Amino acid sequence: MSLHWLKVAAATGVAAVALASAAYAQTVRVTVAEYSSKTGPYFEKAATEFEAANPGTDVQIEVVPWDVLQQKLTTDISGGANADLAIIGTRWLIDYVSQGIAAPLDDYITDDFRGRFIDTFLSPSVMDGKTYGLPIAASARAMYYNKALFEQAGITAPPATWDELKAAAEKIKALGGDNYGFGLQGKEIETDVYFYYALWSQGGNLIEEDGTSGLDTEAAYKAAQIYKDLIDQGLTEPGVTSLNREDVQNLFKQGRIGMMITAPFLSNQIKEEAPDLQYGVAAIPAGPNGDRGTYGVTDSIIMFENSQNKDTAWKFMDYLFTTEKRAEFDENEGFLPVNAQEAAMPLFADNADLKAFTDLLPSARFAPVIAGWEEMAAATSNALQRIYLGEGEIQASLDQAAAEINGIIEANQ
Amino acid sequence: MNRSIFTNPYVLIAPAFMLAAFIILWPLFQIGEISISNVNRFGQLRGFSGPENFMAVFADPQFLASLWRTVIWTVGIVAGTILVSIPVALILNEDFYGRGLARVIIMLPWAVSLTMTAIVWRWALSGESGMLNSALLGLGLIDQNIQWLAQASTAFPVQIAIGILVSIPFTTTIFLGGLSAIPDDLYEAARLEGANGWQIFLTITLPLLRPFINIAVVMNTITVFNSFPIIWATTQGGPANSTDILVTYLYKLGFNFGKLGEASALSLLMFALLLFFTIIYVRLAMRGERA
């Protein structure tokens, strides 16, 4: 009797608290990656606008630098202190899905909402037929070239193949001075990706159809040989293993590099830091059979399964993906439009640099959706660094990396 | 004698002990639990796994390579720091014009966060636009840029040198304290007997400084063994893991690869290693002192 009474009282109490919190504290915490100094202010502004339009809500933005994002999320999740929404690299999503951390969004997504997206960018966040994330940031890679150096060296058009690229690099080297033909990244994040451009052009794959690594193939050996030749013949900057992506971009901004492959945001940086630099953006060079691949990357914003305010969190997501908010974000950060209406806006449609990137989208390939990908990427980067330094033979180093990768694939099955 | 329970030494240190236990032993227990569990990349436990995580660490060739590099790293920095800090402390202990300023300059690196120092060094070591190369070129010591961070053979020694540089302020402070504890009349007596500077140093200064050297060795060993920012900011353990020490390897295992079980096992091993060597060193040093 008294026990029953207690239960009722407790249940009423819980319900009352739940109601109260529903009425007063619709708090949504959002962990966002800091892409640039404009990211934090953009999200703060979006939160303020959203709160004004939806009284009784409170959106809290936590800005985290990219380098420590994965670490911060891991720590938050293991301590049960994660936010309601978070930006993550889409290549990490498989872990979030397989461990039940990310909530499927299909109940919220209407056909109308889905129709806003360019499908290429939404598809990487779809797993087992369910959508677990929305592409908050999208990017691809293309080749930047220095028009002034090209003119001096008498090169008329950006190289369409790796052979032409090598010839162009030789001409730039022949100019003398502190100029380097091809900027080759050999350190830190995306060292492996820089190699994939050559690998894909030779018809290679990261993961073969039989589910094993594609590094122990003729295509991979040839691709590595292309880069190794460029290094050995002094057609790249010296000491490639000491330059990360930013370092190579800085050399490009200084006008000392003829060609390099990187993301659209370099255009924004050039506009601000080196407005006088004469440069163009072209397709990534193709292989002998016309094969070509660019690296497509998306970051996803996900909703956590343990979020207490999913409806409000979704409303905020919905707000972030309105055409106007997307255009503002992508213009700030130099990302590609993920929204079809947005892509048609003159701001993006008439931008020649961006056009080079969007033209490459049909050949865009994303990091494989496979558990342990970061570790495989590290194994690939290590093998490449040994090759670039001349510490390992091409075939032996790549075979060893392939064996490591196959071991990781097996262990995760 | 009947003492009040409130003056019992064990009671008196109890609050401090409890606090230390809470801060140190509780995480240690947690890490111990993770290290013998199946754990997903978000730190959620998924059942008991026995010694599997430890076996995986031992089977990884990177573990032994990093361990060996950690030994070179720690011994190199600690020995280098002591060797440089003793003369620096001796000089700063002399009375000379501008000593206050000299002390400030020596101590200044201490005021800057280690990560900031390391990042500044990364810029300074840049092959194309680094200060170090411009300085060496300007002095005519080299005739073309050296790519300091491109290979381990130049990167690792430079990292050790940075480690020595940032350890000097703390170590010098300890030695200055030690030197001021040596009574002046010992020196006066030695000089009256006709001892020269070197003899005074060897027979008076060094023996009396020994307890302080021991403290400096133990404290520096603990800090340097676990020092992360210098290597991470300059090379991230690369190229191809060739500058990885245990703590950077641990970070990659845990946060880049999401293998929290193996990372926990490794950090327990590191804790045990450090504890083991510190105890051995302290016992050896203490025995020498008593003799």
Just name one of B:VAL217, B:ALA21, B:SER267: the one whose Cα is farthest towards the positive end of the charge dipole of chain B (beta-carbon charges, Lys/Arg +1, Asp/Glu -1). B:ALA21
In the protein assembly as shown the accessible area split gives carbon plus sulfur, as whole percent at 1.4 Å, a share of 61
Please build a GNM for chain A, connecting alpha carbons under 10 Å apart, and tell me which residue among A:SER37, A:SER139, A:SER307 fluctuates the most. A:SER37
Each label point is 7 Å from the Cα along the Cα-to-Cβ direction; what then is the distance between the points at B:TRP123 and B:LEU206, in nm? 4.2
Here the Cα Rg-to-2.2 N^0.38 Å ratio for region B:1-134 is 1.73
For region B:1-47 and region A:369-413, what is the centre-to-centre distance using only Cα atoms, to the nearest Å? 41
If unit charges are put on Cβ atoms (+1 for Lys and Arg, -1 for Asp and Glu) and the dipole of the protein assembly as shown is taken about its Cα centre, the option from A:LEU360, A:ILE87, A:ALA274 lying farthest towards the positive end turns out to be A:ILE87
Evaluate E = 1/(1 + (r/R0)^6) for B:LEU139 and A:ASP106, where r is the Cβ-Cβ distance and R0 equals 51 Å; express this FRET efficiency to the nearest 0.05. 0.15
Going by a 1.4 Å probe on protein heavy atoms, which residues of region B:107-131 end up with at least 40 Å² less accessible surface in the whole assembly than in their chain alone? B:ARG122, B:GLU128
Roll a 1.4 Å probe over the protein chains and send me the accessible area per residue for chain A in Å². 42
For A:ASP291 and A:ASP119, what does the FRET efficiency come to when R0 = 22 Å and r is the distance between their Cβ atoms, rounded to the nearest 0.05? 0.45
Cut-off under 5 Å, modelled amide H: who pairs with A:TYR295 long-range: A:ARG141, A:ARG365
Measuring from its Cα centre, region B:60-290 shows a charge dipole (+1 at each Lys and Arg Cβ, -1 at each Asp and Glu Cβ) which, in debye to the nearest 20, is 480
Quick one: which of A:LYS228/A:LYS355; A:LYS147/A:LYS271; A:LYS45/A:LYS187 span more than 26 angstrom between C-alpha atoms? A:LYS228/A:LYS355; A:LYS45/A:LYS187
With +1 assigned to the C-beta of every Lys and Arg and -1 to the C-beta of every Asp and Glu, and no other charges, what is the dipole magnitude of the protein assembly as shown about the Cα centre in debye, to the nearest 20? 1980
Could you size up the charge dipole of region A:152-306 around its Cα centre, putting +1 on the beta carbon of Lys and Arg and -1 on that of Asp and Glu, and report it in debye to the nearest 20? 640
Virtual spin-label span in nm between B:LEU284 and B:LEU83, 7 Å along Cα→Cβ: 1.7
Which three numbers, in whole Å and largest first, are the semi-axes of the equivalent ellipsoid of region B:60-290 derived from its Cα gyration tensor as √(5λ)? 36, 26, 14
Which of the GluC sites (Glu not before Pro) found in region A:166-238 are loop residues per DSSP with 13 or fewer other Cβ atoms within 10 Å of their Cβ? A:GLU209
Taking only Cα atoms of the protein assembly as shown, radius of gyration then Dmax in Å: 29.9, 100
Report the net charge of residues surrounding B:LEU253, where surrounding means a beta-carbon distance below 14 angstrom and charges are Lys +1, Arg +1, Asp -1, Glu -1. -2
Suppose we flag chymotrypsin sites (Phe, Trp or Tyr not before Pro) only when DSSP calls them loop and at most 11 other Cβ atoms lie within 10 Å. Which is the longest uninterrupted stretch of chain B? B:98-291
Rounded to a whole number, the mean other protein chain Cβ count within 10 angstrom for residues of A:108-118 is 0
Based on the alpha-carbon gyration tensor of region A:257-376 and its eigenvalue square roots a ≥ b ≥ c, which shape applies: rounded if a/c is under 1.5, prolate if not and a/b is larger than b/c, or oblate? oblate
Placing each pseudo-label 7 Å from Cα in the direction of the beta carbon, A:ALA167 and B:ARG191 end up separated by a distance in nanometres of 8.2
For the B and A pair, go ahead and give the buried accessible area with a 1.4 Å probe, both sides summed, in Å² to 100. 2300
Average other protein chain Cβ within 10 Å of Cβ, residues B:148-154: 5
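The values are calculated or read from the model by the stated rules, or taken from the named source; none is laboratory data. Not measured: the values here are computed from a predicted model. Backbone-built Cβ (ideal geometry, glycine too); neighbour counts: all protein chains shown. Areas reflect the complete protein model, heavy atoms only, side chains present, ligands, DNA and RNA absent. Shrake-Rupley method; radii C 1.70, N 1.55, O 1.52, S 1.80 Å.
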